């Protein structure tokens, strides 16, 4: 029993995902790095900076989980939520209306950058869905019948 527990622990410590999961994890880590670059290059107020940092850390956590072979479901949900949030900030939805109003110091291309980030998040969302579908299609179906 101890040997089985040790073997399963070692297996988890060295686990890697499929090539599709590693590619998805790497791409989402690159998007997290882009968020950090945006945080450095474009001035934000402290609350928006903390929010962007929290979003980036969440993205990195989900990316690392997928890279290591975990489910891409949380990454897919995170990408969908963040893509919608960026679109709402660019469009000026009522609950995000203060983003651009409080940031007159944003450069003129800030909205375009946010749209590119949202596009990247939506692409990753669809890629995560494809990875999930690919994993499910490899599961053998019960062919025994009723």
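Any read-out appearing in this document is the output of simple, stated calculations on the displayed coordinates, not a laboratory observation. What you see is a predicted model; the values in this text were computed from it and never measured. Note that we place each Cβ from the backbone using ideal geometry, even for glycine, and neighbour counts take in every protein chain shown.
Full extension of the chain between residue 20 and residue 58 yields a length gain of 11.6 nm, computed as 0.36 nm times the residue separation minus the alpha carbon distance. Relative to the current alpha-carbon distance between residue 34 and residue 126, full extension at 0.36 nm per residue lengthens the span by 31.2 nm. When 91, 36, 24 are sorted by how many other C-beta atoms sit within 10 angstrom of their C-beta, beginning with the fewest, the order is 91, 36, 24.
In terms of the mean number of neighbouring beta-carbon atoms within 10 Å, the peptides 115-126, 71-82 order highest first as 71-82, 115-126. If you sort the three axes of the alpha carbon gyration tensor as a ≥ b ≥ c, you get a/c of 1.5 or more for the stretch 18-135 and a/b above b/c, which makes it prolate.
Label separation (residue 68 vs residue 41): 3.1 nm, computed from points 7 Å beyond Cα along the C-beta direction.
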